[in-house]
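Worksheet for the structure shown next.
The values are calculated or read from the model by the stated rules, or taken from the named source; none is laboratory data. Every value quoted in this text rests on a predicted model; they were computed, and no experiment measured them. So basically every Cβ, Gly included, is an ideal-geometry build from the backbone, and we count neighbours across all protein chains shown. Protein only, heavy atoms only, side chains kept; ligands, DNA and RNA dropped before computing areas. Shrake-Rupley method; radii C 1.70, N 1.55, O 1.52, S 1.80 Å.
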Amino acid sequence: MSDAHQFRSFEPPLRMLMGPGPSDVHPRVLQAMARPTIGHLDPAFVDLMDEVKRLLQYAMRTDNPLTFPISAPGSAGMEACLVNLIEPGDTVIVGRNGVFGGRMHSIIERAGGRAIAVDDAWGSPVDPDKVEAALKQHPEASLLAFVHAETSTGALSDAARLAELARAHGCLTVVDAVTSLAGVPLEVDAWGLDAVYSGSQKCMSCAPGLSPVSFSARAVERIQARKTPVQSWFLDLSLVMGYWDGGAKRAYHHTAPVNAIYGLHEALLMVHEEGLEQAWARHQLHHRALAAGLSAMGMRLRVAPEHRLPQLNVVELPAGLDDGATRARLLRDYGLEVGGGLGDLAGKVWRIGLMGTACTRRNVLGCIAAIDDVLRGAAPDAGKGLGVAAALAAYGMSEQP
Ligand SMILES: *Cc1c(COP(=O)(O)O)cnc(C)c1O
């Protein structure tokens with residue numbers, strides 16, 4: 001290593017995080033994470049874990065006792081739900097309408113399951129009719145897996161309807177609620193979802209790295225009746241349960257990420273203080289203003305209005321635009337991060353997130369003004385302030401900040 005290099009503390013630049021996640025983390029959450037670390041079996045920490053569980057039950061609308069954060073990001077929650085509920089040879093029907101449905105498909109196969117894909121176009125929801133046909137064609141299927149809010153495409157699927165179909169055909173459900181939790185209605189109990197995972201860094205305004213999960217009584221029964229051990233030691237719920245669900249006799253499983261859990265607790269507290277319904281309404285309000293602004297600049301939203309995620313807006317770019325260079329300008333000149341397109345949509349769309357604490361009038365107006373500026377000359381209606389005017393009109397008399 002060269003002696004000339006000066007190592008220094010890292011000072012991150014100030015950003016507005018309006019991509020597919022991570023989203024802005026609220027200062028209260030960052031402050032909570034900076035508090036002194038205590039032991040993960042300290043009675044004070046055990047009390048905190050109980051509160052995290054109760055707040056998660058509130059946010060996920062469930063009484064499931066097995067509700068806790070996995071000590072790893074959303075993808076680990078996905079893997080945990082699937083590997084615990086799949087035994088080699090099981091048939092699993094999986095909705096595939098974007099990147100994350102595709103990821104579920106590969107985990108199912110790696111876990112020894114037989115994945116039956118129900119494919120839908122990117123930007124469309126998972127089609128309940130196709131799922132029903134697959135359930136009928138595969139009476140041996142034991143599980144239906146799908147993504148509630150597809151962050152890669154901006155489409156919302158009808159989780160209540162899909163779960164109802166699964167139940168009617170004797171299947172449990174695995175539901176990806178990484179982006180939906182706290183952004184749009186998610187009713188784990190009322191919809192009868194069996195294994196649900198989320199992520200800390202999308203609509204909960206928390207730092208990345210934790211994956212809240214919740215398992216129904218039916219799912220717990222299925223796990224307890226397994227004939228083969230879960231392939232993963234770390235994600236084997238029968239072992240993790242002794243720590244998170246061990247009551248007075250919590251046993252060491254792995255060292256919980258203590259400070260990350262302080263942060264999640266604070267983030268959940270903020271969701272509780274605002275109220276879930278209010279959070280859902282706030283995401284809708286700002287989404288409508290953003291959509292009005294983008295449309296006024298001649299930018300088309302890709303997803304049909306009835307299937308749009310308010311927290312993740314996929315907008316088509318003007319033909320011939322240099323996507324990378326334009327997003328680099330947004331970052332350099334405005335500190336604004338928006339997401340690029342994935343897969344077939346790479347270079348053709350931006351994914352503009354309005355998640356959690358980043359979902360504000362200030363961010364909507366700032367984002368539209370910045371896009372208006374960087375698209376000047378590239379889109380016919382850009383550079384004229386039309387977007388900001390349309391967004392303001394959409395807010396009308398609303399005084400929401
Ligand atoms: C972000 C995301 C994931 C993955 O979460 P990580 O924390 O990045 O592992 C999974 N599913 C969906 C729908 C997501 O948006």
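Taking Leu237 as meeting all but one of (1) more than 22 Å from Asp90 (Cβ to Cβ); (2) open to solvent by less than 60 Å² (accessible area, probe 1.4 Å); (3) not charged (D, E, K, R), write down the number of the exception.
(1)
Looking only at the stretch 130-148, filter to residues that are open to solvent by 10 Å² or more (accessible area, probe 1.4 Å) and of a type outside the set (A, V, I, L, M); which one of those is nearest to the ligand (Cβ to nearest atom)?
Filtering first and then ranking leaves Lys130.
Do we have Glu109 as within 16 Å of the ligand (Cβ to nearest atom), open to solvent by 20 Å² or more (accessible area, probe 1.4 Å) and over 29 Å from Asn363 (Cα atoms) here? Before the answer, list the steps.
Working: within 16 Å of the ligand (Cβ to nearest atom): no; open to solvent by 20 Å² or more (accessible area, probe 1.4 Å): yes; over 29 Å from Asn363 (Cα atoms): yes.
No, not satisfied.
To keep it simple, each residue is scored yes or no on (1) among the hydroxyl-bearing types (Ser, Thr, Tyr); (2) at pLDDT below 95; (3) under 22 Å from Thr153 (Cα atoms); (4) in the same structural domain as Val315 (by TED's automatic domain parsing).
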site	(1), (2), (3), (4)
Gly340	no, no, yes, yes
Gly343	no, yes, yes, yes
Gly353	no, no, yes, yes
Ala369	no, no, no, yes
Asp373	no, no, no, yes
Ala379	no, yes, no, yes
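Name the pairs: first residue in the stretch 149-170 and open to solvent by 10 Å² or more (accessible area, probe 1.4 Å), second residue part of a strand (DSSP E or B) and within 16 Å of the ligand (Cβ to nearest atom), Cβ to Cβ under 9 Å, at least 6 apart or on different chains?
Between residues of the stretch 149-170 that are open to solvent by 10 Å² or more (accessible area, probe 1.4 Å) and residues that are part of a strand (DSSP E or B) and within 16 Å of the ligand (Cβ to nearest atom), the close pairs are Leu156/Ala149; Leu156/Glu150; Leu156/Arg308; Leu156/Leu309; Arg167/Thr173.
List the number of the failed condition for Leu331; all other conditions in (1) touching a residue at least 60 places away in the same chain (Cβ under 8 Å); (2) hydrophobic (A, V, I, L, M, F, W, C); (3) buried (at least 18 other Cβ atoms within 10 Å of the Cβ) hold.
(3)
Scan the stretch 120-128 and give yes if some residue there is at pLDDT 95 or above and within 15 Å of Ala195 (Cα to Cα), otherwise no.
The first filter runs over the stretch 120-128 and keeps only residues at pLDDT 95 or above, leaving 120-128.
Imposing the further condition that a residue be within 15 Å of Ala195 (Cα to Cα) reduces the set to none.
Scanning the stretch 120-128, I find no residue that is at pLDDT 95 or above and within 15 Å of Ala195 (Cα to Cα), so the answer is no.
Show the residue pairs meeting these rules: Cβ distance below 7 Å; 6+ apart or different chains; first residue within the stretch 34-55 and over 15 Å from Ile70 (Cα atoms); second residue open to solvent by less than 80 Å² (accessible area, probe 1.4 Å) and of a type in the set (Ser, Thr, Tyr).
Taking only residues 6 or more apart or on different chains, the pairs are Arg35/Tyr262.
Per-residue answers, yes or no, for (1) farther than 30 Å from Gly385 by Cα; (2) open to solvent by less than 70 Å² (accessible area, probe 1.4 Å); (3) polar (S, T, N, Q):
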{"site": "Lys249", "(1), (2), (3)": "yes, no, no"}
{"site": "Ala256", "(1), (2), (3)": "yes, yes, no"}
{"site": "Leu264", "(1), (2), (3)": "yes, yes, no"}
{"site": "Ala267", "(1), (2), (3)": "yes, yes, no"}
{"site": "Glu273", "(1), (2), (3)": "yes, no, no"}
{"site": "His283", "(1), (2), (3)": "no, yes, no"}
{"site": "Ala289", "(1), (2), (3)": "no, yes, no"}
{"site": "Ser295", "(1), (2), (3)": "no, yes, yes"}
{"site": "Leu309", "(1), (2), (3)": "no, yes, no"}
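I'd like to know if the stretch 358-381 contains one or more residues that are within 16 Å of the ligand (Cβ to nearest atom), within 22 Å of Trp122 (Cα to Cα) and in contact with an Asp or Glu (Cβ under 9 Å, 6 or more places away or on another chain).
Pass one, the stretch 358-381, residues within 16 Å of the ligand (Cβ to nearest atom): 358-359.
Applying the additional criterion that residues be within 22 Å of Trp122 (Cα to Cα) yields none.
No: the stretch 358-381 contains no residue that is within 16 Å of the ligand (Cβ to nearest atom), within 22 Å of Trp122 (Cα to Cα) and in contact with an Asp or Glu (Cβ under 9 Å, 6 or more places away or on another chain).
Of all residues in the stretch 197-221, which are within 23 Å of Arg167 (Cβ to Cβ), buried (at least 24 other Cβ atoms within 10 Å of the Cβ) and away from the ligand (no atom under 14 Å from the Cβ)?
Listed by number, the residues that qualify are Ser214, Phe215, Ala219.
Met270 - would you say it is over 17 Å from the mean Cα position of the chain (by Cα), closer than 30 Å to Met33 by Cβ and not basic (Lys, Arg)?
On the way: over 17 Å from the mean Cα position of the chain (by Cα): yes; closer than 30 Å to Met33 by Cβ: yes; not basic (Lys, Arg): yes.
So Met270 passes the test.
Out of the residues in the stretch 348-364 that are free of Cβ contacts under 8 Å to residues at least 60 places away in the same chain and not aromatic (Phe, Trp, Tyr), state the one that is least open to solvent (accessible area, probe 1.4 Å).
Going through the stretch 348-364, the residues free of Cβ contacts under 8 Å to residues at least 60 places away in the same chain turn out to be 348-350, 362.
From the residues that got through so far, the ones that are not aromatic (Phe, Trp, Tyr) too are 348-349, 362.
Working: Lys348: 120, Val349: 1, Arg362: 182 Å².
The extreme case among them is Val349.
Could you check the stretch 171-186 and list, in sequence order, the residues that are closer than 18 Å to Pro125 by Cα and open to solvent by 10 Å² or more (accessible area, probe 1.4 Å)?
If we filter the stretch 171-186 for residues that are closer than 18 Å to Pro125 by Cα, which is where we start, we get 173-181, 183-186.
Within the stretch 171-186, Val178, Pro185 qualify.
Would you confirm whether any residue within the stretch 31-38 is open to solvent by less than 70 Å² (accessible area, probe 1.4 Å), in contact with a strand residue (DSSP E or B) (Cβ under 8 Å, 6 or more places away or on another chain) and not in a loop (DSSP other than H, G, I, E, B)?
Keep residues of the stretch 31-38 that are open to solvent by less than 70 Å² (accessible area, probe 1.4 Å), which gives 32-33, 38.
If we keep only those that are in contact with a strand residue (DSSP E or B) (Cβ under 8 Å, 6 or more places away or on another chain) too, we end up with none.
Looking for residues that are open to solvent by less than 70 Å² (accessible area, probe 1.4 Å), in contact with a strand residue (DSSP E or B) (Cβ under 8 Å, 6 or more places away or on another chain) and not in a loop (DSSP other than H, G, I, E, B), one finds none in the stretch 31-38, hence no.
Identify all residues within the stretch 61-75 that are more than 16 Å from the ligand (Cβ to nearest atom), outside any loop (DSSP other than H, G, I, E, B) and among the hydroxyl-bearing types (Ser, Thr, Tyr); write none if there are none.
Matches in the stretch 61-75: Thr67 only.
What are the residues in the stretch 63-94 that are farther than 22 Å from His253 by Cα and open to solvent by 10 Å² or more (accessible area, probe 1.4 Å), if any?
Of everything in the stretch 63-94, those that are farther than 22 Å from His253 by Cα and open to solvent by 10 Å² or more (accessible area, probe 1.4 Å) turn out to be Asp63, Glu87, Pro88, Gly89, Asp90.
Just name the residue that is farthest from the ligand (Cβ to nearest atom) out of those in the stretch 95-106 that are part of a helix (DSSP H, G or I) and touching a helix residue (DSSP H, G or I) at 6+ places or on another chain (Cβ under 9 Å). Write out each step before concluding.
To start, the set of residues in the stretch 95-106 that are part of a helix (DSSP H, G or I) comprises 99-106.
Then drop every residue that is not touching a helix residue (DSSP H, G or I) at 6+ places or on another chain (Cβ under 9 Å), which leaves 99-100, 102-104.
Details: Val99: 8, Phe100: 4, Gly102: 11, Arg103: 7, Met104: 9 Å.
It comes out as Gly102.
Cβ-Cβ below 9 Å, separation at least six or inter-chain, first residue in the stretch 1-24 and not assigned by TED's automatic domain parsing to the domain that holds Val178, second open to solvent by 50 Å² or more (accessible area, probe 1.4 Å) and modelled with pLDDT under 95: which pairs?
Pairs that qualify, where the first residue is not assigned by TED's automatic domain parsing to the domain that holds Val178 and the partner is open to solvent by 50 Å² or more (accessible area, probe 1.4 Å) and modelled with pLDDT under 95, are Pro20/Leu342.
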